[in-house]
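A.B. asks: Got a structure for you, questions after.
The values are calculated or read from the model by the stated rules, or taken from the named source; none is laboratory data. Quantities reported herein were computed from a predicted structural model and do not represent experimental measurements. Please note: Cβ atoms are built from the backbone with ideal geometry, for glycine as well, and neighbour counts cover all protein chains shown. What goes into the accessible areas is simple: the full protein's heavy atoms, side chains included, and nothing from ligands, DNA or RNA. Shrake-Rupley method; radii C 1.70, N 1.55, O 1.52, S 1.80 Å.
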Amino acid sequence: MKAVYIESHGGPEVLIYGDRPEPALQAGEVKVRVRAAALNRLDTYSRAGGRGLRRTFPPPLILGGDCAGDVIDVDDAAVGLKPGDRVVINPRITCGRCPACLSGRDDLCSHSRFMGTALDGSYAEYVAVPAVNAHPIADQVSYEEAAAVPTTFLPMWNMLIRRARLQPWETVLVLSASAGVGTAAIQVAKKIIGARVIATTSTPEKAARALELGADAVINYTEEDITQRAKALTGGLGVDVVVDHVGAEFFPKAYDALRPGGRYGICGVTTGYRAELHLGNLFTRQLEVFGVFMGSKEDMREIVAMLNRGAIRPVIDRVFPLSQAADAHRLMEGRSFFGKLVLRP
C-alpha cells in the first residue's frame, strides 16, 4: 500500500511517500480503507523526534493518528461493525484491562498507545484498529470532517464538559482560536453547552472566522492585552474557564483573566512547557488548574453522536493528496491556516 513514513527524524524532508506492507488483521480488529487523515501537532513532533518522541530506526514509522474511511474486513471477534461501514477512528488505543479502563476512565490508561507514534498510523491507504476504536459516521458527514474530529474534540469534550463542567451562564476564554483545538473549543462551548465564548487570535481575518464559528468576542493578542480585555468584556469579573492548548507564552495573561473560583484547563504546550504559578494567588482566589490528554471512549461516542446530528462541524482549511504530506507539514509549522489540515490517500 502507499503510505507516508519516516526512517529518521528531521524536518518535512524526511517524510517518504512510498510502499509499505498492508496491516494484518488481528483478533478483535477491523481493517479500514483510509479516505482522509487529519494532521496534528503530534505528527510534527513525532517526525522531528522532539518532546519525548525520539525513537530508534529501523523499523520505519508511518505517521498520523486521526482518520476516517470504510471498513473492508472484520475479525470474527469484532462486534458491531461490518464491511462497508463508514467510520472515524479514535487513534488512542487503550489496554481495556487496567483499573482505569475497567472503571470507565480509559483516558487514564497507563498502557495506552497512540497511532503514528507508538505504532503505525493513518498516513496510509489502510489501517487495522480495535473495533472499539471505530465509530460509524452518518452519510452526510464527509470523511474529511470526520477525520478532523478525534484529537481536537476529545480533549475539549473532556475539558469543558467533564472536568471544568462549563455552564451555559458562564464565560470561557479560548486561546488561539485558529488552531484545530481552538475551533473545537468554540463549538463545544457555544453549540453544545451554550456558554459565552471569548476567543484570542492574531489577525483580523482569523478574528472574523472565529466570530463566524460562534465566538461572542475576539481578542487580537497582537494589539490588545488579554487580561485587561477579558476583564473588560466581563464587567471586571474575569472569565469562568480558560481553554489553554498553547502553554507557556500565554499562561500568565490567561491565568490572570480568571475570576475567583475559575478553572484553568491545559491540553497542549506548543509554545513551551514551563510557567510560573503564584501559589498564594491560587488558594486565596480558590482557582483550579488541571490537565487533560485526549478523552475517554464514552467521550468519543458522545462526540460522534453530535457529529452525526450536525451539532458540531469541524473546520477544514485545506486538503492535500497523501503524496504532498511534506507540504502539509510545512504549512502546519508556518501557522498560516485556520482549522484543520487533511490528507487524502
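Table: residues versus (1) surrounded by 21 or more Cβ atoms within 10 Å (Cβ to Cβ); (2) among the charged types (D, E, K, R).
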{"residue": "Glu13", "(1), (2)": "no, yes"}
{"residue": "Ala27", "(1), (2)": "no, no"}
{"residue": "Ala36", "(1), (2)": "yes, no"}
{"residue": "Asn40", "(1), (2)": "yes, no"}
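A.B. asks: A further question follows. Considering only residues that are under 13 Å from Asn308 (Cα atoms) and open to solvent by 10 Å² or more (accessible area, probe 1.4 Å), which ones fall in the stretch 142-151?
C.D. replies: Ser142, Tyr143, Glu145
A.B. asks: Same structure again: Quick check on my filter: what residues within the stretch 180-200 are outside any helix (DSSP H, G or I) and either surrounded by fewer than 24 Cβ atoms within 10 Å (Cβ to Cβ) or among the acidic types (Asp, Glu) (or both)?
C.D. replies: Result: Gly194, Ala195, Arg196.
A.B. asks: Let me ask something else. Can you name every residue in the stretch 277-296 that is assigned to a strand (DSSP E or B) and either of a type in the set (Phe, Trp, Tyr) or crowded, with 16+ Cβ neighbours inside 10 Å (or both)?
C.D. replies: Answer for the stretch 277-296, where residues must be assigned to a strand (DSSP E or B) and either of a type in the set (Phe, Trp, Tyr) or crowded, with 16+ Cβ neighbours inside 10 Å (or both): Val289, Phe290.
A.B. asks: Asp107 is checked against (1) modelled with pLDDT under 95; (2) open to solvent by 40 Å² or more (accessible area, probe 1.4 Å); (3) outside any loop (DSSP other than H, G, I, E, B) and fails just one. What number does that condition carry?
C.D. replies: All conditions pass for Asp107, except number (2).
A.B. asks: Quick one: in the stretch 64-86, which of the residues that are touching a helix residue (DSSP H, G or I) at 6+ places or on another chain (Cβ under 8 Å) and β-branched (Val, Ile, Thr) is least open to solvent (accessible area, probe 1.4 Å)?
C.D. replies: Filtering the stretch 64-86 for residues that are touching a helix residue (DSSP H, G or I) at 6+ places or on another chain (Cβ under 8 Å) and β-branched (Val, Ile, Thr), the one least open to solvent (accessible area, probe 1.4 Å) comes out as Val74.
A.B. asks: Out of (1) surrounded by 15 or more Cβ atoms within 10 Å (Cβ to Cβ); (2) part of a loop (DSSP other than H, G, I, E, B); (3) among the hydroxyl-bearing types (Ser, Thr, Tyr), what's the single condition that is false for Thr227?
C.D. replies: Evaluating Thr227 over (1) surrounded by 15 or more Cβ atoms within 10 Å (Cβ to Cβ); (2) part of a loop (DSSP other than H, G, I, E, B); (3) among the hydroxyl-bearing types (Ser, Thr, Tyr) leaves (2) as the failure.
A.B. asks: Checking Ala3 against (1) under 22 Å from Val141 (Cβ atoms); (2) part of a strand (DSSP E or B); (3) of a type in the set (A, V, I, L, M), only one condition comes out false. Which one?
C.D. replies: Ala3 satisfies all of (1) under 22 Å from Val141 (Cβ atoms); (2) part of a strand (DSSP E or B); (3) of a type in the set (A, V, I, L, M) except (1).
A.B. asks: Does the stretch 97-127 hold any residues that are at positive phi and either of a type in the set (Lys, Arg) or in contact with a Phe, Trp or Tyr (Cβ under 9 Å, 6 or more places away or on another chain) (or both), and which are they? Full working, then the answer.
C.D. replies: Quick first cut of the stretch 97-127, residues at positive phi only: 104, 116.
Answer for the stretch 97-127, where residues must be at positive phi and either of a type in the set (Lys, Arg) or in contact with a Phe, Trp or Tyr (Cβ under 9 Å, 6 or more places away or on another chain) (or both): just Gly116.
A.B. asks: Here are some residues: Leu166, Leu102, Leu160. Which one is farther than 23 Å from Tyr45 by Cα and at pLDDT below 95?
C.D. replies: Leu102
A.B. asks: Using the structure shown, decide if Gly69 is assigned to a loop (DSSP other than H, G, I, E, B) and under 21 Å from Ala146 (Cβ atoms).
C.D. replies: no
A.B. asks: Here is a further query. Looking at the stretch 305-321 only, could you name the residues that are within 16 Å of Ala185 (Cα to Cα) and aliphatic (A, V, I, L, M)?
C.D. replies: Met306, Leu307, Ala311, Ile312, Val315, Ile316
A.B. asks: If you check Arg47 against the conditions, is it free of Cβ contacts under 8 Å to residues at least 60 places away in the same chain and either assigned to a loop (DSSP other than H, G, I, E, B) or buried (at least 16 other Cβ atoms within 10 Å of the Cβ) (or both)?
C.D. replies: no
A.B. asks: Here's another thing I want to ask about it. Residues that are farther than 23 Å from Arg33 by Cβ, in contact with a helix residue (DSSP H, G or I) (Cβ under 9 Å, 6 or more places away or on another chain) and open to solvent by 40 Å² or more (accessible area, probe 1.4 Å): does the stretch 125-141 have at least one?
C.D. replies: Among the residues of the stretch 125-141, not one is farther than 23 Å from Arg33 by Cβ, in contact with a helix residue (DSSP H, G or I) (Cβ under 9 Å, 6 or more places away or on another chain) and open to solvent by 40 Å² or more (accessible area, probe 1.4 Å), which makes the answer no.
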